[in-house]
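Notes for the one structure printed next.
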Amino acid sequence: MTAGPASIDDARATLRRFGPVAVSGAVDSVSDLAIRVEDRLGALEVGARVEIETAAGGLAAEVVSLARGAAVCLPFGGVGGVKRGARAEFNSAAACVSPSRAWLGRVVNALGAPVDGKGPIAAGRRPRNLRASPPQAALRERLGPPVEFGVRALDAFCQARVGQRLGIFSGSGVGKSALLSMIARNTRCDVAVIALIGERGREVREFIEESLGEAGLARSVVIAATSDEPAMMRREAAYLAMTVAEHFRDEGAHVLCLMDSLTRVAAAQREIGLAAGEPPTAKGYTPSVFSLLPKLLERAGSGLAGAGAVTGVFTVLVEGDDHDEPIADAARAILDGHVVLDRRIAERGRFPAIDILRSVSRTTLGVPETGLVETVRRARALAAVYEDMREMIRIGAYKRGASPEVERAIEFHAALESFLAQARDECASAADAEETLARLTASHYGSEAA
């Protein structure tokens, strides 16, 4: 008896209802980026994991698009050794990982496998979906108290709160990785989850040994996916970082989630989208890039009642120092604040090269009133006056004594620059930063600041 279309549809529905199930196929074709596999049953789904037979064992891949009778799969490793006709085993179960406290102090790859030479890691008892949705917006707790980053420029001019998502925007070579290392070492938190995505291979060990140190690593989980790894590994590292952060958040911890960089996650998704047949849009980025960003970033933040919170700091590499390029613009619209690093400030030798006039925290008004808001307002006003007159002062076109306001700004500028400069291994308390800035501002405003 030959089964009709209705019975085939029923069989497919049964397979999905009683999954996870294993379905096998065969490799139809292979390219540098993608592997095309037969899907005659039509039982596959986008996001399903695949194990492809190779001469050296098995190669993990993921289904990224479906066509009539075939699935396009992107591998998590090199395609060397994959032959036409090779067996492909599909698993309809969602991609999961089981974090535990044994992950603290360890370095893992995007698939959760240890890469630090310290042996296997004990898995937790509860598997977590790598593609989990964030908690329902109406049920999430509100932001918590201020976070101390240990960086004067941030704690004074861009004050953040527990559960906030902050972006660090800069061009290449301006110091965003150095600033991130200061935040990783100095911030007060219970657990740090650090995703190094698309980084140079040498930088991973440097970050662990020089920036974190033994004490910092002991409270951290480091996820590394270097620039030479496939796009799937770079994107998966971002999903894994958020999943591990959510695990510790649900245990009641305040988690600091650092990701360097969000731009390289977007670039990985662009590669995946193009391989899946998506049309390129703004600067070649595919539509899935702009749907990925909010899904990923919204997972950071406060949890439900009784849970902890994930404070997220994400670096954004702006191409050609254009802060209006597509990824920077999209990320800025989603994040709760942005810190801008300026190349001109770095060239003058002041680090971290934070531009306080262009850096904004959208939750500053929710910080308990301590007088800092008014102090920062006055300091920004003086800095803005100096910035407006900078070129005239530099070329000698401004005559001293012409404007009391400009005179005040000129005198304040040197003190402010000294305040904002901070050595990479220096940790400054938020209370000291507030007190010092208040004293500097009062000395230049005189009785007006009292």
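What the table below lists for this structure:
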| read-out | value |
| --- | --- |
| Segment 161-261, accessible surface, carbon-and-sulfur percent (1.4 angstrom probe) | 44 |
| Signed unit charges on C-beta, dipole axis of segment 80-124, positive-most listed residue P120, W103, V82 | V82 |
| Neighbour cut-off at most 11 other Cβ (10 Å), DSSP loop, trypsin sites (Lys or Arg not before Pro), segment 311-416 | R348, K399, R400 |
| Residue (of S418, A70, G320) at the positive-pole extreme of the chain, dipole from beta-carbon charges | A70 |
| Charge dipole (debye, nearest 20) of segment 374-450; +1 at Cβ of Lys and Arg, -1 at Cβ of Asp and Glu | 320 |
| Segment 218-356 shape via C-alpha gyration tensor axes, a/c threshold 1.5 | oblate |
| Selected from V406, T286, S227, residue furthest toward positive end of dipole (the chain; charges at beta carbon) | T286 |
| Inter-label distance for L304 and E405, nm, one decimal - labels placed 7 Å from Cα along Cα-to-Cβ | 5.3 |
| Dipole magnitude of segment 229-351 about its Cα centre (Cβ charges: Lys, Arg +1; Asp, Glu -1), debye to nearest 20 | 140 |
| Cβ-placed point charges (K, R +1; D, E -1), dipole of the chain about Cα centre in debye, nearest 20 | 680 |
| Proportion of all alpha-carbon pairs of the chain beyond 42 Å (%) | 24 |
| Helix-derived mean residue ellipticity, 222 nm - over the chain, DSSP H n ≥ 4, -39500 (n - 2.57), to 500 | -11000 deg cm²/dmol |
| The chain: relative contact order in percent, alpha carbon pairs under 8 Å with at least 6 residues between | 16 |
| Compactness of segment 224-293 as Cα Rg over 2.2 N^0.38 Å, two decimals | 1.24 |
| Proximal lysines to K176, defined as alpha-carbon separation beneath 17 angstrom and excluding residues fewer than eight positions away on the same chain | none |
| Under 5 Å, built H, 5+ apart or other chain: amide partners of T226 | G198 |
| Segment 192-230 and segment 114-172: distance between their alpha carbon centers, rounded to Å | 15 |
| Chain lengthening between A431 and S29 when straightened (0.36 nm per residue, less Cα-Cα) | 138.5 nm |
| Efficiency of FRET between A56 and S227 - r from beta-carbon atoms, R0 25 angstrom, step 0.05 | 0.60 |
| FRET efficiency estimate (nearest 0.05) - Cβ-Cβ, A93 to R348, R0 35 angstrom | 0.05 |
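The values are calculated or read from the model by the stated rules, or taken from the named source; none is laboratory data. Computed from a predicted structure; not experimentally measured. All Cβ positions, glycine included, derive from the backbone under ideal geometry; neighbour counts span all protein chains shown. The accessibility values were calculated without ligands, DNA or RNA, using every heavy atom of the protein model including side chains. Shrake-Rupley method; radii C 1.70, N 1.55, O 1.52, S 1.80 Å.
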